[in-house]
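**Q** Please read through the structure below; I'll follow up with questions.
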Number of protein chains: 4
Amino acid sequence: MPATRLAGIFTPNLVPLDARGRIHEAELRRYTDWLIDRGVHGLYPNGSTGEFLRFNAEERREIIAIMADQTRGRVPILAGAAEANTRETIAACEYYHSLGVRAVAIVSPFYYKLSPPAVYAYFKEIADHSPVDITLYNIPMFASPIDVPTVRRLAEECPRVVAIKDSSGDLPHMIRMIQAVRPRRPEFSFLTGWDAALMPMLLIGCDGGTNATSGIVPELTRKLYDLTVARRIDDALALQYKLITLFDTMIYSCDFPEGFRAALRLRGFETGVGRQPLAAEQHIDLEGISRTLQCLLAEEGFADQPVNGCPPRERSDAALSARGFESQSVQPANVERIVESVVAELARRGLT
Amino acid sequence: MPATRLAGIFTPNLVPLDARGRIHEAELRRYTDWLIDRGVHGLYPNGSTGEFLRFNAEERREIIAIMADQTRGRVPILAGAAEANTRETIAACEYYHSLGVRAVAIVSPFYYKLSPPAVYAYFKEIADHSPVDITLYNIPMFASPIDVPTVRRLAEECPRVVAIKDSSGDLPHMIRMIQAVRPRRPEFSFLTGWDAALMPMLLIGCDGGTNATSGIVPELTRKLYDLTVARRIDDALALQYKLITLFDTMIYSCDFPEGFRAALRLRGFETGVGRQPLAAEQHIDLEGISRTLQCLLAEEGFADQPVNGCPPRERSDAALSARGFESQSVQPANVERIVESVVAELARRGLT
Amino acid sequence: MPATRLAGIFTPNLVPLDARGRIHEAELRRYTDWLIDRGVHGLYPNGSTGEFLRFNAEERREIIAIMADQTRGRVPILAGAAEANTRETIAACEYYHSLGVRAVAIVSPFYYKLSPPAVYAYFKEIADHSPVDITLYNIPMFASPIDVPTVRRLAEECPRVVAIKDSSGDLPHMIRMIQAVRPRRPEFSFLTGWDAALMPMLLIGCDGGTNATSGIVPELTRKLYDLTVARRIDDALALQYKLITLFDTMIYSCDFPEGFRAALRLRGFETGVGRQPLAAEQHIDLEGISRTLQCLLAEEGFADQPVNGCPPRERSDAALSARGFESQSVQPANVERIVESVVAELARRGLT
Amino acid sequence: MPATRLAGIFTPNLVPLDARGRIHEAELRRYTDWLIDRGVHGLYPNGSTGEFLRFNAEERREIIAIMADQTRGRVPILAGAAEANTRETIAACEYYHSLGVRAVAIVSPFYYKLSPPAVYAYFKEIADHSPVDITLYNIPMFASPIDVPTVRRLAEECPRVVAIKDSSGDLPHMIRMIQAVRPRRPEFSFLTGWDAALMPMLLIGCDGGTNATSGIVPELTRKLYDLTVARRIDDALALQYKLITLFDTMIYSCDFPEGFRAALRLRGFETGVGRQPLAAEQHIDLEGISRTLQCLLAEEGFADQPVNGCPPRERSDAALSARGFESQSVQPANVERIVESVVAELARRGLT
């Protein structure tokens, strides 16, 4: 029996820390439940948002162990498994396999900028020895790029390699990868890690996303996925526009992932203080983010407005009204569909 | 009465040269007709594909004059008008206005990498003195980038600035621009210059494209536009996948725009030899492109197969079959629509 | 009889404009004399500092004609000759040859990013038809890079190509070029266009520089050249440190070359307003530059202090005193040399 | 009593591995002695060449412990101490301090691209708690850049920060750093990590280098340092030219540091197989490197020629012979020439 195909929204979760800077197990378990309850399709611990690099090898295992135990199979886990070298990465794969994760995700070698053959050799060696399925993780702004021929070569030679997570946000690149791999490996999954392009990425053939916003507003990211897969283009687009605003606010303020940590606190979690120290001038920025975020969350119904209110925002619908083809959605059939989906959605959230 | 909104596919046409390297007027006129007949919405002479930089100021005017005369208002013309400095650019705007072009397109200052305020000041001075509508042209790989705040500032302050052509291919960037400008300037147009992302760009709100492929396979680019605007997502996607293959073959082989020039010869035009000399080793590459192109064109019904045949190609449909949401397209209504469109298309091509 | 080897400091001069934005011939002639009188070895009109791109083809010829007439052979002229295409560039070479220039300088093709074979083919075609010696101009931040194998290939195949001006500031790259070319073309010249590395570039084998600072403080740039060639390392280094401060102030403030234009006004020339318009916020920056520049110039004895004085500056000598190997310079013979040069310098400035 | 100032050549050593891929202690000890015997001024384990990232935390400590024990104070050790986060890095600093290392070197945070304030905060926190002197390590091609204001800020606020190792190879950047820091911290050291610019870097004020070539040809790198510090410019330059050829051969072939590993084997050390797996096509490259390296080493007298001989090499002296000033500084005739030229120059300037 084949394993389930990787699809949908996998949350690259932050790790709550306690007052001493250690993993806050109770809060991590509560966060895990909270994410699953709000509809994410899977969890992706030890990703870039999860600051895998700022934990040591033991802590990385502890994070997966806690989350696997808490999840108990309700959703699949994609476990970040990169360690110092292939031998230790393979050992991590074995351990995560014993915990029952669906697959591991392994970032391309970083720091050194490796050539395509070296990137290939790295993944090939791991794939030849891993007992668990592997997702390649391409994030060229941080690590050695995995180019299209390398993805194809690995997909053809390594049955264990079942997916790629691509965080470049480069849409034509995604098309080229799908075109190169899907004819021979139709079950191979393509996940996008760039929230700002989630909806169009899904439309051009992606199977899902590993999106940091889903760790903060899982309802919103999941809804965007559902609307897009249902081909409710106009609704999806309106939500994508809002999500990009939220994403930009979190990703371009202060240093990544501080904006996301601040936002997670607004959602009611004790995140603790990050391990990357902040300069005095950065703390001021964080206050600004918090206010902006709280207003955006309030607008979407996910948080209360701040006490001193939010600035009136120009309706982003206006941004869309000039497109030439939106009339579809105002036809009677569409109105009904919208009403139905809203009712269903409210029901799902226990609001009716 | 307001001018027509810029929308649809504008072709950035190459300029046929004669045996002495001069503008081949007769062939340019024939090419103009050919493009209009095959359904492009507008023409965009003196763009990057048109090698505006390799002509002198007089030749640039001659090109627009010939094409405006030949077009005689059948389709709007977007005239590339950048000259050595703002004074000469404004003079060119005046001349093109006298020829009746719909608008001019002005590339951001190049060679020097200008700061956002300098880019703003450049366009502001031109916009304040131009008698004709202006399209900003952002192509960050070649010229000083026009960032989102600068686009918004120009859109707010300059009624003459009515559109932006963006060739970055960066989809989130396009969303950010639309979000920043459309609420206040709902008639402002957004055109994408990156063929590899045309379909998703249209889906997220673009009004059209200035796409080099439309100068080679206008039928194909126009069809992709029509399918996308009609929200025939699956059909559009299949065509986008094919277009990206064609686009890559032309753009990544030899130096731009030689791949496009070779392809245009295959469509039956005397292009002449380009003004940028080619090294001996580059000529070899061109032969390879020609073969590949002819096969691709043949596959789409736009050219005969080469004498020695084409390699069997894996069906790109397979690339799409694994997506999770394609079931829509096999519903009866869709089948009918497809049949209808195929019949109509065959009729349009005179094949029925 | 072979032509003189290109060596020393060639000034890439700005072009003074009159109130109507036209070339200010009288001031350009006065500037030409002023530069020659202050010791630059040659002139380099129509370079990047000279904003060749913001003039039209006729104006570029006019600039060279005026300067050649004014120079009357006192120093060699290196004439920027790049035009819209090879045919027009060759015609410009012929014209500049008729004016008696020592050589032309041709920037690598810009806007489009050309491959090495295309860059080769471009220069090869020009070199095969030019009646005058050619200097390749490599400025990878603005134009297609000319890589080491291409420089070697052109040096080997084209006797007309006699030099390269490299503005990358990349010292190992310069070593690699010299190593690749000099064994077979010992008379080939290597000029650096990056003022911030002039002294070390001369020390590792360059023959001279085309440095924008020499258009503002020709005395200073010439002196740095002389000190370096005379192997007065410590004195040269102290001056290089000061020059880098001046260079940074001019190049990193506002948009290039506005900092240089402002500085040239301080030296007493009517520069006119540049052709690239400035935004309101840029004008404010210019005032800051002017003050800084005037103070630096005053410190070096080339201008009066501004009325409201200059901030006390930490002695840059301190920056040098900690190096581990300067003991050589305190030997008696060196002390004498230093004293002599200081006395001579003071005398030259009329301060004794 | 103040600690010794960091100066001279510090070798970033590779770590020999045994047949099982573990640290080969005996060979590491032999290598340590070999380096010290050949004159390097210090050792720099756990640098980029030492592949610190491909060892785990325990191994990194083991490497330093072995080398400190073997060195027994003969030369100072600069210990690479970066760990997963500031807490663990500080613990590593404490451990290395207990081993008696002269200082630690800490690379700027990598993977994530941090802003200047975040880079500052990172080093500030470590510097406030480290018991041992710290060298900042700037390698912008691999890690978050440490900009000049941040270097100055850390130098001013943190007495524990005593040096910077800069591997950018950017000479003007080095001048700017020295200028910013030396006036207030005259004992602060500047080390260059870019072998291709070692000689000019020393000439413009650097105190030494951490150069990978010194791990392969310590005699050569040390000699280049000595010649440069003694201001034997011509001899130093000739050697710098040869070193750049050797450096390029090792650094641009295969993936770093495989070229260096291959070369170290040629010097008689069992290096073992690197931890980054190599693809089949990369092994072929390594054979080529080996041959080239052995020939270069033989030419310099550091290895036997390969059995099948070496290709005749054009004398690199030829590359230097065309410069105008290289023999000047030594022979009597040159002194006369200098005097003559100085007199002539003074005359030209009207000073005699």
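The values are calculated or read from the model by the stated rules, or taken from the named source; none is laboratory data. On a predicted model such as this, the values are computed, not experimentally measured, just so you know. For neighbour counting, all protein chains shown are included, and Cβ atoms are generated from backbone atoms with ideal geometry for every residue, glycine included. All accessible areas refer to the heavy atoms of the entire protein, side chains included, with ligands and DNA or RNA removed. Shrake-Rupley method; radii C 1.70, N 1.55, O 1.52, S 1.80 Å.
**Q** If I ask for residues that are at the interface with another protein chain (Cβ under 10 Å from one of its Cβ atoms), out of contact with any Leu (no Cβ under 8 Å at 6 or more places or on another chain) and not basic (Lys, Arg), which ones from region D:227-254 would you list?
**A** D:ALA230, D:ILE244, D:PHE247, D:ASP248
**Q** Pairs only if they're at least six apart or on different chains, beta carbon under 6 angstrom, first in region B:186-208 and farther than 20 Å from A:ALA196 by Cβ and without any contact (Cβ under 8 Å) to a residue 60 or more places away in the chain, second among the hydroxyl-bearing types (Ser, Thr, Tyr) and open to solvent by less than 10 Å² (accessible area, probe 1.4 Å); list them, first residue then second.
**A** Cβ pairs passing all conditions: B:ASP195/B:THR213.
**Q** Can we say C:ALA303 is closer than 30 Å to C:PHE55 by Cβ and either assigned by TED's automatic domain parsing to the domain that holds C:LEU239 or at pLDDT 75 or above (or both)?
**A** Here the answer is no, as C:ALA303 does not meet what is asked.
**Q** From the list B:LYS124, B:LYS113, pick out the single residue that is open to solvent by 40 Å² or more (accessible area, probe 1.4 Å), of a type in the set (Lys, Arg), within 13 Å of another protein chain (Cβ to nearest Cβ) and more than 25 Å from C:TYR112 (Cα to Cα).
**A** B:LYS124 is the lone residue from the list that is open to solvent by 40 Å² or more (accessible area, probe 1.4 Å), of a type in the set (Lys, Arg), within 13 Å of another protein chain (Cβ to nearest Cβ) and more than 25 Å from C:TYR112 (Cα to Cα).
**Q** Quick check on region D:320-335. Is at least one of its residues more than 30 Å from A:ALA82 (Cα to Cα), out of contact with any Asp or Glu (no Cβ under 9 Å at 6 or more places or on another chain), open to solvent by less than 50 Å² (accessible area, probe 1.4 Å) and modelled with pLDDT of 50 or more?
**A** no
**Q** Is region B:115-127 home to any residue that is hydrophobic (A, V, I, L, M, F, W, C) and touching a Pro at 6+ places or on another chain (Cβ under 6 Å)?
**A** The answer is yes; a qualifying residue exists.
**Q** Looking at C:HIS129 and the list (1) within 12 Å of chain B (Cβ to nearest Cβ); (2) in contact with a Phe, Trp or Tyr (Cβ under 8 Å, 6 or more places away or on another chain), which single condition is not satisfied?
**A** (2)
**Q** Based on this model, can you work out whether A:GLU281 counts as charged (D, E, K, R) and at pLDDT 90 or above?
**A** Judged against the criteria, A:GLU281 is not a match.
**Q** Out of (1) open to solvent by less than 10 Å² (accessible area, probe 1.4 Å); (2) closer than 23 Å to B:ASP195 by Cα, what's the single condition that is false for A:PRO149?
**A** Tallying (1) open to solvent by less than 10 Å² (accessible area, probe 1.4 Å); (2) closer than 23 Å to B:ASP195 by Cα, A:PRO149 fails exactly one: (1).
**Q** Is one or more of the residues making up region A:49-69 within 20 Å of A:ALA212 (Cα to Cα), among the aliphatic types (A, V, I, L, M) and not in a helix (DSSP H, G or I)?
**A** no
**Q** Do we find that C:PRO200 is in a helix (DSSP H, G or I) and not charged (D, E, K, R) in this structure?
**A** Yes, satisfied.
**Q** Return yes or no: is B:HIS97 under 23 Å from the mean Cα position of the chain (by Cα) and surrounded by fewer than 19 Cβ atoms within 10 Å (Cβ to Cβ)?
**A** The answer is yes for B:HIS97.
**Q** Hey, another quick one. How about region B:169-219: which of its residues are of a type in the set (Phe, Trp, Tyr) and either within 7 Å of another protein chain (Cβ to nearest Cβ) or out of contact with any Ser or Thr (no Cβ under 7 Å at 6 or more places or on another chain) (or both)?
**A** B:PHE188, B:PHE190
**Q** If I filter region D:180-209 down to residues being of a type in the set (Asp, Glu) and surrounded by fewer than 24 Cβ atoms within 10 Å (Cβ to Cβ), which single residue comes out as farthest from the chain's Cα centre (by Cα)?
**A** Out of the qualifying residues, it is D:GLU187.
**Q** State whether the residues of region A:132-141 include one that is surrounded by 24 or more Cβ atoms within 10 Å (Cβ to Cβ) and modelled with pLDDT under 95.
**A** No: region A:132-141 contains no residue that is surrounded by 24 or more Cβ atoms within 10 Å (Cβ to Cβ) and modelled with pLDDT under 95.
**Q** Among the residues of region C:76-94, count how many are open to solvent by 20 Å² or more (accessible area, probe 1.4 Å) and in contact (Cβ under 8 Å) with a residue 60 or more places away in the chain.
**A** 1
**Q** Could you say whether any residue in region B:158-177 is among the acidic types (Asp, Glu), buried (at least 23 other Cβ atoms within 10 Å of the Cβ) and modelled with pLDDT of 95 or more?
**A** Yes, region B:158-177 contains at least one residue that is among the acidic types (Asp, Glu), buried (at least 23 other Cβ atoms within 10 Å of the Cβ) and modelled with pLDDT of 95 or more.
**Q** Look at region A:78-107 and say how many of its residues are within 11 Å of chain D (Cβ to nearest Cβ) and in contact with a strand residue (DSSP E or B) (Cβ under 6 Å, 6 or more places away or on another chain).
**A** Residues that pass the stated criteria total 2.
**Q** Would you mention how many residues in region B:1-54 are modelled with pLDDT under 95 and surrounded by 24 or more Cβ atoms within 10 Å (Cβ to Cβ)?
**A** 0
**Q** Any idea which of (1) in contact (Cβ under 8 Å) with a residue 60 or more places away in the chain; (2) farther than 21 Å from C:PHE190 by Cβ; (3) not β-branched (Val, Ile, Thr) is the one C:PRO12 doesn't satisfy?
**A** (2)
**Q** A further question follows. Just to be sure I understand, how many residues within region A:55-75 are surrounded by fewer than 20 Cβ atoms within 10 Å (Cβ to Cβ) and within 13 Å of chain D (Cβ to nearest Cβ)?
**A** Qualifying residue count for the region: 4.
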